Amino acid sequence: MWSTWLSKLPLRPGRAQSTVAHLRGILKKEIETIKEAGTWKSERIITSKQGPHITVDGKNTGILNFCANNYLGLSSHPEVIRAAREALEEYGAGLSSVRFICGTQSIHKNLEEKIARFHQREDAILYISCFDANAGLFEAMLTPEDAVLSDELNHASIIDGIRLCKANKYRYKHMDLEDLETKLKEAQQKHRLRLIVTDGVFSMDGDIAPLREICDLAKRYNSLVFIDECHATGFMGPNGREVVSHRFVAMIFAWSSLIYYCIFLGGYTTGPKPLIDLLRQRSRPYLFSNTLPPAVVGSASKALDLLMESNEIAQSMSAKTAR
């Protein structure tokens with residue numbers, strides 16, 4: 001790819017090679033800076049199924065795994081694997097297309113309906129990841145007339161998604177209701193819509209957002225609330241219906257989640273049908289990304305079935321935490 005690009009430049013071969021060498025030098029310096037800062041990230045190679053015990057690098061066996069997001073242990077659940085295998089056989093390995101062209105199958109629509117039912121919302125839209133879900137929401141929904149108020153420790157996907165939109169941006173101190181109210185007062189008379197955005201459970205520290213109080217402020221200042229429930233869906237609350245049910249909050253207008261953390265690789269946004277309809281028309285990660293493969297959709301659908309049939313799996317998290 002690099003050679004093709006460089007061949008089109010009006011440069012002599014020697015100069016092209018010099019340009020590449022210059023780029024290599026810049027990249028090498030950046031890498032050295034990362035290593036010197038102590039933030040270089042090395043990947044562990046797992047040579048077994050994801051689970052509480054894993055094999056790393058093919059030799060270190062029986063390692064206790066405390067760092068995965070496979071909270072409910074469903075990534076290797078036999079019924080989930082069976083459902084993935086059946087979807088693979090019936091629907092094939094993939095769609096090789098985006099949703100609105102020829103990349104939607106009945107199982108995609110069924111899963112979206114199931115997600116909306118699970119969250120007791122009107123509709124849902126699937127994405128290839130929750131990063132895409134958050135990247136595709138704010139730009140499609142908000143305009144320069146609007147304002148978005150974001151917790152300073154929100155996930156990177158929220159931060160990047162907000163950067164892409166043209167709304168006026170306010171950042172409030174982490175879970176600081178007084179600071180949030182100050183920002184809401186400031187934005188009250190200036191903007192058409194005011195959208196408060198927060199993680200439900202903050203993944204790095206495990207903080208649970210004060211959603212009841214946030215929703216009280218939203219009601220007082222005629223604002224909307226959006227939450228990212230990646231680290232709560234499936235196990236927070238008595239029925240695994242994330243922090244929303246855990247805190248008995250009814251003011252949330254929409255939220256996103258990444259089922260991968262308890263089930264599979266893939267994300268979604270759920271909320272009012274008009275919002276979901278708009279996202280299908282304008283959300284760029286949805287419009288320009290290939291569809292989730294059938295095996296992934298089949299496994300996710302089965303995992304949701306397991307969660308909706310019984311609250312035993314969700315409640316097992318509380319018992320494990322207490323232990």
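The values are calculated or read from the model by the stated rules, or taken from the named source; none is laboratory data. Since we're looking at a predicted model, the values are computed, not measured. Please note: Cβ atoms are built from the backbone with ideal geometry, for glycine as well, and neighbour counts cover all protein chains shown. The area values use the complete protein model at the heavy-atom level, side chains included, leaving out ligands, DNA and RNA. Shrake-Rupley method; radii C 1.70, N 1.55, O 1.52, S 1.80 Å.
Note on Lys169: lysines with a C-alpha under 25 Å away, same-chain residues under 8 apart excluded, are Lys183, Lys185, Lys190, Lys219. Rolling a 1.4 Å probe across the protein heavy atoms gives the chain an accessible surface of 55 Å² per residue. Each Cα pair under 8 Å and six or more residues apart adds its separation to the average, and for the chain the resulting relative contact order is 23 percent. Relative contact order of region 112-176, taken over Cα pairs closer than 8 Å and 6 or more residues apart, is 32 percent. Counted residue by residue at 0.36 nm each, then reduced by the alpha carbon distance between them, the extension gain from Thr182 to Glu152 reaches 9.3 nm.
What is region 28-173 by shape, rounded, prolate or oblate, if you read a ≥ b ≥ c off the alpha carbon gyration tensor as root eigenvalues and call it rounded for a/c under 1.5, prolate for a/b larger than b/c, and oblate otherwise? Since a/c reaches 1.5 but b/c is at least a/b, the shape of region 28-173 is classed as oblate. A full extension of the chain between Cys67 and Ile26 corresponds to an added length of 11.4 nm, given 0.36 nm per residue minus the alpha carbon distance.
Annotation: amide H-H contacts under 5 Å for Ile196 (H modelled 1.01 Å from N, sequence separation of 5 or more, or interchain): Leu149, Leu224, Val225, Phe226. Contact order for region 26-174, expressed relative to its length and based on alpha carbon pairs under 8 Å spaced 6+ residues apart, stands at 11 percent.
The Kirkwood hydrodynamic radius of the chain, based on inverse pair distances between different Cα atoms, is 21.8 Å. Note on surface exposure: Tyr286, Tyr71 rank Tyr71, Tyr286 by accessible area, highest first, 1.4 Å probe.
Would you mind classifying region 40-93 by shape? Square roots of the alpha carbon gyration tensor eigenvalues, ordered a ≥ b ≥ c; an a/c under 1.5 is rounded, otherwise it is prolate if a/b is larger than b/c and oblate if not. Note, shape of region 40-93 comes out prolate.
Per-residue Karplus couplings for region 78-86, computed as 6.51 cos²θ - 1.76 cosθ + 1.60 with θ equal to phi - 60°, are listed in order as x, 5, 5, 5, 4, 5, 5, 5, 5 Hz, Gly and Pro entered as x. Among Ser106, Ser316, Ser42, the sequence by solvent-accessible area, most first, with a 1.4 Å probe is Ser42, Ser106, Ser316. Largest first, the residues His174, His108, His22 sort by 1.4 Å accessible area into His22, His174, His108.
Residue by residue, region 193-201 carries 3J(HN,Hα) couplings of 10, 10, 10, 8, 10, 8, 5, x, 10 Hz when phi is fed to the Karplus relation 6.51 cos²θ - 1.76 cosθ + 1.60 (θ = phi - 60°); x denotes Gly or Pro.
Sort region 173-240 into rounded, prolate or oblate with this rule: let a ≥ b ≥ c be the square roots of the eigenvalues of the Cα gyration tensor; rounded if a/c is under 1.5, and if a/c is not under 1.5, prolate when a/b is larger than b/c, oblate otherwise. The shape class here is prolate. Solvent-accessible area of region 60-118 (1.4 angstrom probe, protein heavy atoms only): carbon and sulfur portion equals 53 percent. Of all DSSP beta bridges confined to the chain, the antiparallel ones make up roughly 50%.
Its Cα centre serving as origin, the chain has a Cβ charge dipole (Lys and Arg +1, Asp and Glu -1) of approximately 1020 debye. Scanning residues 5 or more positions from Asn168 or on other chains, those with amide H under 5 Å from its amide H are Asp146, Ala147, Val148, with H placed 1.01 Å from N in the peptide plane.
Once the Cβ-Cβ distance of Arg220 and Glu312 is raised to the sixth power relative to R0 = 41 Å, the FRET efficiency obtained is 0.55.
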